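In what follows, a single structure is set out as structure tokens and then discussed.
The values are calculated or read from the model by the stated rules, or taken from the named source; none is laboratory data. All values reported here derive from a predicted model rather than from experimental measurement. So basically every Cβ, Gly included, is an ideal-geometry build from the backbone, and we count neighbours across all protein chains shown. For the accessible areas, the whole protein counts, side chains as well, though only heavy atoms, and no ligand, DNA or RNA atoms are used. Shrake-Rupley method; radii C 1.70, N 1.55, O 1.52, S 1.80 Å.
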Amino acid sequence: MDQKVEFYTVYSEPRPVRLREQTRRFAYESQRGKYGDEAMRTPAVAMDDMDGFLEMSEVERYDAAIAKIAAEAPIRICPEEQVSGAATLGWGIRHLVPASYRGEELWGSVSHLTLGFDRVVYDGMDALDAQVAARLQDQSLTASQRAQIVSMQRVIASMRVWHRRYLDALKETKPDVYARLLQVPFGPARDFREAVQSLWFTFAFTRLCGNWPGIGRIDQMLGGFLERDLADGTITIEEAREFLASFFIKGCEWIEKDTQPSSGDAQHYQNIVLAGVDEHGAEVANAATYLVLDIVEELGISDFPISVRISEQTPPALLRRIAEVMRHGGGVVAVYNEPLILDSLVSFGYPLEEARRFANDGCWEVQIPGKTLFHYRAFDSLQLLLENTLRLSQETPAHFDSSEQLYQAFLENLKAKIEEIYKTDVINFTGQEPGHDWQWKESIPCSVVSLLEEGCIESGRTYLAGGPVYTVISPHIGGAPDVGNSLYAIEKLVFEEKKVSFDELMHILQQNWEGYEPLRQYVKNSYSYYGNDNDEADRYTARVLDDFAALVEPLNGRCPIRFPAGVSTFGRQIEWAPARAATPFGSKRGEILSGNTSPTPGTDAAGATAVIRSYCKADLKKQANGAALDVKLYPGTVEGENGVAALVALMQGFVRLGGCFMQLDIMDAEVLRQAQEHPEQFKTLSVRVSGWNARFVTLDREWQQMIIERSSQKV
């Protein structure tokens, strides 16, 4: 008899066992790359044998490729699955439409969006088909609009082909799944099992075509069906858990046994948002919410990063379940401060009912799901300070006579950078300078996702060309804590303590602190920097963030593109590091510094509560696209009932203090070092990276080292 499978945890006790052993083994095999490897054996369909392919318009070529994908992609039905449909072409894992011509890729695919899957679950794909057909009756459509809407109609036809192929394959082998697929996703779901199948099949088809969409508020979509079925006795909670587990296990189908080390696998943006209020203000949390947490707690599946919307009204039982899942590590569950985000979105201009629908882009940036094109531009504000303001790469650096004079010069550089991002990205979406007659630029075809974004059918434009209700471009400031620390160190060292002159400090930084080690150690160890609840130090980082948002605000509303401020690095502190000079707070040239809105590694010594307090001193409501805080906790701090209570208190304090988004991970740096040396023993060890999770062994050495360094503080 096979040995029982176990799933890795950093917690002192094993993960709970609730599911059948067959289901657990299905999960075990999926997480170890069985199906990802299988997909890579058939990377794409070839368009070489299609007559006249090159003579077609680009959108016609795309339609032909989607049709061939639907007709030829391998059908996969796993023995233990209870929901069917699979993205079986390997190029989808590589963020490509999996179709080739003469061996070459044809198009990239779409990510950083959450699609309107709820419309399919509730109304069925036939309702969308009818909407498309009705729209085509409009005689005022331009040729371009008509071509895009026809393309969406062809996508539905291709999906019918793929659907029929699954029906044929399932009729004898899995008659219960076959019966459900007779109804969904083309008809509306009538019960919990059909709702799960409809959601999965539609999601799987978008992935089959190469896209990486987020799923959004899964408990809101499924909860009503589940509650009704439980009430009338057509399903038990145990049966529902097994059924929904199949959905999550199928979501591991893109894991490969051996992935080229990089920024990690499992970052396909298939994020899930749980709980919070609905558009009418009623709490969403329901039985489906708790089933999701049960499943990821037991199986350790990290491929669906989960964000829970919490507030002071969140049921205590839900906060406890979040804490119990968090303590197993992997960073699978993060939290939004719902009241702050709602306030932020309404202040930014969204109607309250619309704001209450918020989810994310498949990572963590806030957006209205199924209605939003999202694009962000992260930039390095530390390099802006070091190179543009202090001019450290020039023979003669800048000189300033006061901290305020320096800060105002930095703000001028920051303003110029924001305006450059605005101008560049507006041109990217329009092909013209801001201020000219407004129009949308043609883009690569993307009808599969356009079909599931409200506004595209109505406007006759694609997701990438202004079709959705909202088009959002967000400048994201990175390195703000490093800028704050730099400005604080200059104020203390030069203008208050007068240990060196401003010009002498600039010379020292140009020399990379060489020959000035005692002074460098003084700077590193004598001051309490951002992340330690020191008002004097924290005010600089808070001021940078608040002034950044104030500089972004006037650009919003100049055109139909929305332009909210946000804060992130998404791991770019690694790629930014080589271009960074030495910093005034003691870091040497090329060091990897702060991520997102988190303290610079090694500067936070006062614990997680102090980190949260420092972070919340900025007015985070002004960051309408969000501001992420990464908090790493040592496993020993979350043991037993006291550990659960501590995590709950941390979340409650985060809400009360005015936080925005917190990614909590429980990890021991020593375990990570062991995983570096013996990766074969830690295949499923997951870590939160920056809005996504990755199995640690799939990160390259630089990324691994970054995670280890930020996990070394035992807070």
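Here Asp665 meets the list (1) at pLDDT 90 or above; (2) buried (at least 24 other Cβ atoms within 10 Å of the Cβ) almost entirely, failing just condition (1). For segment 416-433, the criterion of being open to solvent by 10 Å² or more (accessible area, probe 1.4 Å), in contact (Cβ under 8 Å) with a residue 12 or more places away in the chain and either farther than 21 Å from Ala565 by Cβ or assigned to a loop (DSSP other than H, G, I, E, B) (or both) is met by none of the residues. If only residues of segment 569-587 that are under 19 Å from Thr603 (Cα atoms), in a loop (DSSP other than H, G, I, E, B) and in contact with a strand residue (DSSP E or B) (Cβ under 9 Å, 6 or more places away or on another chain) are counted, the one that is modelled with the highest pLDDT is Arg580. Restricting attention to segment 486-516 and to residues that are of a type in the set (Gly, Ala, Ser) and surrounded by fewer than 18 Cβ atoms within 10 Å (Cβ to Cβ), the residue that is farthest from His399 (Cα to Cα) turns out to be Gly515. Kindly check whether there is at least one residue in segment 214-226 that is part of a helix (DSSP H, G or I), modelled with pLDDT of 95 or more, surrounded by fewer than 24 Cβ atoms within 10 Å (Cβ to Cβ) and of a type in the set (D, E, K, R). Within segment 214-226, not a single residue is part of a helix (DSSP H, G or I), modelled with pLDDT of 95 or more, surrounded by fewer than 24 Cβ atoms within 10 Å (Cβ to Cβ) and of a type in the set (D, E, K, R).
Within segment 609-626, is there a residue that is out of contact with any Ser or Thr (no Cβ under 6 Å at 6 or more places or on another chain), crowded, with 24+ Cβ neighbours inside 10 Å, aliphatic (A, V, I, L, M) and modelled with pLDDT of 95 or more? Within segment 609-626 (the criterion being out of contact with any Ser or Thr (no Cβ under 6 Å at 6 or more places or on another chain), crowded, with 24+ Cβ neighbours inside 10 Å, aliphatic (A, V, I, L, M) and modelled with pLDDT of 95 or more), the answer is yes, since at least one residue qualifies. Pairing residues of segment 574-588 that are open to solvent by less than 10 Å² (accessible area, probe 1.4 Å) with residues that are β-branched (Val, Ile, Thr), at Cβ distances under 7 Å and at least 6 apart in sequence or on separate chains, gives Ala577/Ile592; Pro584/Ile490; Phe585/Val523; Gly586/Val523.
Each residue in segment 101-115 was checked for being open to solvent by 30 Å² or more (accessible area, probe 1.4 Å) and not in a strand (DSSP E or B), and 3 of them qualify. Within the bounds of segment 592-601, is there any residue that is at pLDDT 95 or above, assigned to a loop (DSSP other than H, G, I, E, B) and not β-branched (Val, Ile, Thr)? Scanning segment 592-601, I find no residue that is at pLDDT 95 or above, assigned to a loop (DSSP other than H, G, I, E, B) and not β-branched (Val, Ile, Thr), so the answer is no.
Among the residues of segment 312-347, the ones that are open to solvent by 40 Å² or more (accessible area, probe 1.4 Å) and either within 15 Å of Val284 (Cβ to Cβ) or not polar (S, T, N, Q) (or both) come to 9 in all. Which of the residues that make up segment 164-209 are over 30 Å from the mean Cα position of the chain (by Cα), open to solvent by 40 Å² or more (accessible area, probe 1.4 Å) and either closer than 20 Å to Gly370 by Cβ or hydrophobic (A, V, I, L, M, F, W, C) (or both)? Matches in segment 164-209: Ala179, Leu182. Within segment 361-404, the only residue that satisfies the criterion of being free of Cβ contacts under 8 Å to residues at least 24 places away in the same chain and of a type in the set (Ser, Thr, Tyr) is Thr396.
For segment 383-415, filtering for residues that are part of a loop (DSSP other than H, G, I, E, B) and either basic (Lys, Arg) or in contact with a strand residue (DSSP E or B) (Cβ under 7 Å, 6 or more places away or on another chain) (or both) leaves 1.
Between Gly187, Gly210, the distinction of being assigned to a loop (DSSP other than H, G, I, E, B), on the phi > 0 side of the Ramachandran plot and modelled with pLDDT of 95 or more belongs to Gly210 only. In segment 522-560, of all residues being outside any helix (DSSP H, G or I) and more than 17 Å from Lys423 (Cα to Cα), the one that is most open to solvent (accessible area, probe 1.4 Å) corresponds to Asp533.
Would you confirm whether or not segment 45-67 contains a residue that is touching a strand residue (DSSP E or B) at 6+ places or on another chain (Cβ under 7 Å) and assigned to a helix (DSSP H, G or I)? Yes, segment 45-67 contains a residue that is touching a strand residue (DSSP E or B) at 6+ places or on another chain (Cβ under 7 Å) and assigned to a helix (DSSP H, G or I). Candidates in segment 70-95 are the residues that are open to solvent by 20 Å² or more (accessible area, probe 1.4 Å) and in contact (Cβ under 8 Å) with a residue 60 or more places away in the chain; of these, the one that is farthest from the chain's Cα centre (by Cα) is Ala71. Which of the following residues is closer than 25 Å to Glu419 by Cα and buried (at least 24 other Cβ atoms within 10 Å of the Cβ): Val469, Val483? Exactly one of Val469, Val483 is closer than 25 Å to Glu419 by Cα and buried (at least 24 other Cβ atoms within 10 Å of the Cβ), namely Val483.
Summed over segment 50-69, residues that are touching a residue at least 24 places away in the same chain (Cβ under 8 Å) and closer than 22 Å to His163 by Cβ total 7.
Every residue, every condition in (1) surrounded by 24 or more Cβ atoms within 10 Å (Cβ to Cβ); (2) at pLDDT 95 or above, yes or no:
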site: Glu242; (1), (2): no, yes
site: Glu256; (1), (2): no, no
site: Leu274; (1), (2): yes, yes
site: Ala285; (1), (2): no, yes
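Select from segment 137-148 the residues that are in a helix (DSSP H, G or I) and open to solvent by 60 Å² or more (accessible area, probe 1.4 Å) and write down the one among them that is nearest to Ser450 (Cα to Cα). Only one residue fits best here, namely Arg146. Output the qualifying pairs, or none if there are none: Cβ atoms under 6 angstrom, residues six or more apart or on different chains, first residue in segment 466-478 and closer than 15 Å to Trp438 by Cβ, second residue aromatic (Phe, Trp, Tyr) and open to solvent by less than 10 Å² (accessible area, probe 1.4 Å). Matching pairs, first to second residue: Ile473/Phe563.
So in segment 10-41, with the set limited to residues that are more than 18 Å from Glu80 (Cα to Cα) and open to solvent by 50 Å² or more (accessible area, probe 1.4 Å), which one is nearest to the chain's Cα centre (by Cα)? So, considering only residues that are more than 18 Å from Glu80 (Cα to Cα) and open to solvent by 50 Å² or more (accessible area, probe 1.4 Å), the one nearest to the chain's Cα centre (by Cα) is Met40.
Going by what's in this entry, would His436 be described as more than 26 Å from the chain's Cα centre (by Cα), more than 19 Å from Asp482 (Cβ to Cβ), open to solvent by 50 Å² or more (accessible area, probe 1.4 Å) and modelled with pLDDT under 80? Spelling it out, His436 is indeed more than 26 Å from the chain's Cα centre (by Cα), more than 19 Å from Asp482 (Cβ to Cβ), open to solvent by 50 Å² or more (accessible area, probe 1.4 Å) and modelled with pLDDT under 80. Every test in (1) modelled with pLDDT of 95 or more; (2) farther than 26 Å from Asp49 by Cα; (3) surrounded by 15 or more Cβ atoms within 10 Å (Cβ to Cβ) is passed by Val161 save one, and that test is (2).
Quick check, is Val308 crowded, with 19+ Cβ neighbours inside 10 Å, closer than 30 Å to Lys617 by Cα and in contact (Cβ under 8 Å) with a residue 60 or more places away in the chain? Judged against the criteria, Val308 is not a match. In segment 124-136, the count of residues that are assigned to a helix (DSSP H, G or I), touching a Pro at 6+ places or on another chain (Cβ under 8 Å) and open to solvent by less than 20 Å² (accessible area, probe 1.4 Å) is one or more.
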